[in-house]
Amino acid sequence: MTQLLKINTNNVAKQTINLCMFGLLTLAPFMQCAGADDARKILKWKDDKNVTHYGDSVPAQYADRENSVISKQGITIQRNKPANRQDQTQNLAKQEQDKKDKALLRAFTSEDEIDLARDRNLQLDQVTVEGLQLQKTNSQKRLAENQKYADRFTKTRKTIPADLTADIKANQLEIAKQDQQISDRIAAMEATRKRFDDDKKRYIALKNPVGTNTASSETLATVKD
């Protein structure tokens, strides 16, 4: 009798397992369909002419506009508002400024170091300017000598030699080129001074964050850590 009960119990268990497996296999396709339906979104957006469109994705040219996710019944499930471009620009500018601030605080430990770095950067330009000015002085001397020589021909009503005329023109072009080079170097030096002056002002503001924005304090704290 006991053996008969065990056999019946085993048969019942097997039948139960078979029924469960059959049920799962039967429901699987429906579950997959349901999952596919949930994953498939219907998007709603408007074009340049304010005409409403529907689809599974928003075209790239309208990606920065408001769109909605709707159900098959036309009910709005979610509204997607584009990020404000001005806010994005401000966030990018803030991130860039934070990077510069951290680099500035890592590069210098005092205001005097900034002044020394400025002077080192200016030194080479200053030497270059002095060299160009000396070259210009020599060019001016050569030009003066050639012009004086040409004046002799003019006074005696003789034709100025072609090679002398060419030399005078070359001297003038050389001086003009040197003037431009000197001007460019001086402008570069002014830009260097301004850059280091701006860095120094920013450094002072970061080191003394009283009255400055919170981002400055956070940047200083991050560098200290």
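The values are calculated or read from the model by the stated rules, or taken from the named source; none is laboratory data. Every value quoted in this text rests on a predicted model; they were computed, and no experiment measured them. Positions of Cβ are generated from backbone atoms using ideal geometry, with glycine treated the same way; all protein chains shown enter the neighbour counts. What goes into the accessible areas is simple: the full protein's heavy atoms, side chains included, and nothing from ligands, DNA or RNA. Shrake-Rupley method; radii C 1.70, N 1.55, O 1.52, S 1.80 Å.
Checking the conditions here, which among Ile168, Ile160 is open to solvent by less than 70 Å² (accessible area, probe 1.4 Å), in a loop (DSSP other than H, G, I, E, B), of a type outside the set (Ser, Thr, Tyr) and in contact with a helix residue (DSSP H, G or I) (Cβ under 7 Å, 6 or more places away or on another chain)? Give the steps one after another, and end with the answer.
On the way: Ile168 fails: in a loop (DSSP other than H, G, I, E, B).
Criteria check complete, one pass: Ile160.
Kindly indicate whether any position in the range 77-85 is in contact with a Ser or Thr (Cβ under 6 Å, 6 or more places away or on another chain) and charged (D, E, K, R).
Checked against the condition, which is being in contact with a Ser or Thr (Cβ under 6 Å, 6 or more places away or on another chain) and charged (D, E, K, R), the range 77-85 yields at least one hit.
Answer yes or no as to whether Leu104 is part of a helix (DSSP H, G or I), open to solvent by less than 50 Å² (accessible area, probe 1.4 Å) and closer than 30 Å to Asp198 by Cα. Show your work before the answer.
Details: part of a helix (DSSP H, G or I): yes; open to solvent by less than 50 Å² (accessible area, probe 1.4 Å): yes; closer than 30 Å to Asp198 by Cα: yes.
Against the criterion (part of a helix (DSSP H, G or I), open to solvent by less than 50 Å² (accessible area, probe 1.4 Å) and closer than 30 Å to Asp198 by Cα), Leu104 qualifies.
List the number of the failed condition for Leu4; all other conditions in (1) modelled with pLDDT of 65 or more; (2) open to solvent by less than 100 Å² (accessible area, probe 1.4 Å) hold.
Of (1) modelled with pLDDT of 65 or more; (2) open to solvent by less than 100 Å² (accessible area, probe 1.4 Å), only one is false for Leu4: (1).
Pick from the range 118-156 the residues that are hydrophobic (A, V, I, L, M, F, W, C) and touching a helix residue (DSSP H, G or I) at 6+ places or on another chain (Cβ under 7 Å): which of them is farthest from Ile204 (Cα to Cα)?
So in the range 118-156, the residues hydrophobic (A, V, I, L, M, F, W, C) come out as 122, 124, 127, 129, 132, 134, 143-144, 150, 153.
With the extra rule that they be touching a helix residue (DSSP H, G or I) at 6+ places or on another chain (Cβ under 7 Å), the set shrinks to 122, 129, 132, 143, 150.
Numbers: Leu122: 22, Val129: 31, Leu132: 36, Leu143: 51, Ala150: 61 Å.
So, considering only residues that are hydrophobic (A, V, I, L, M, F, W, C) and touching a helix residue (DSSP H, G or I) at 6+ places or on another chain (Cβ under 7 Å), the one farthest from Ile204 (Cα to Cα) is Ala150.
For the range 110-127, which positions are without any contact (Cβ under 8 Å) to a residue 40 or more places away in the chain and of a type outside the set (Ser, Thr, Tyr)?
Passing the criteria: Asp112, Glu113, Leu116, Asp119, Arg120, Gln123, Leu124, Val127.
Could you tell me whether any residue of the range 47-57 is open to solvent by 100 Å² or more (accessible area, probe 1.4 Å), polar (S, T, N, Q), assigned to a helix (DSSP H, G or I) and at pLDDT below 85? Quick ask: steps written out before the conclusion?
Residues of the range 47-57 that are open to solvent by 100 Å² or more (accessible area, probe 1.4 Å), as a first pass: 48-50, 54, 56.
Adding the requirement that they be polar (S, T, N, Q) leaves 50.
Now narrow it down to the ones that are assigned to a helix (DSSP H, G or I): none.
Checked against the condition, which is being open to solvent by 100 Å² or more (accessible area, probe 1.4 Å), polar (S, T, N, Q), assigned to a helix (DSSP H, G or I) and at pLDDT below 85, the range 47-57 yields no hits at all.
When the residues of the range 71-97 are narrowed to those that are of a type outside the set (Val, Ile, Thr), surrounded by 10 or more Cβ atoms within 10 Å (Cβ to Cβ) and more than 25 Å from the chain's Cα centre (by Cα), which ends up modelled with the lowest pLDDT?
Among those residues, the one meeting the criterion is Asn80.
Name the pairs: first residue in the range 177-202 and charged (D, E, K, R), second residue not in a helix (DSSP H, G or I), Cβ to Cβ under 6 Å, at least 6 apart or on different chains?
Every condition considered, no pair remains.
Mind checking which pairs have a first residue in the range 59-71 that is within 11 Å of Trp45 (Cα to Cα) and touching a residue at least 24 places away in the same chain (Cβ under 8 Å) and a second that is open to solvent by 70 Å² or more (accessible area, probe 1.4 Å) and of a type outside the set (Lys, Arg), Cβ under 6 Å, 6 or more apart or different chains?
Correct list of pairs: Val69/Ile77; Val69/Gln78.
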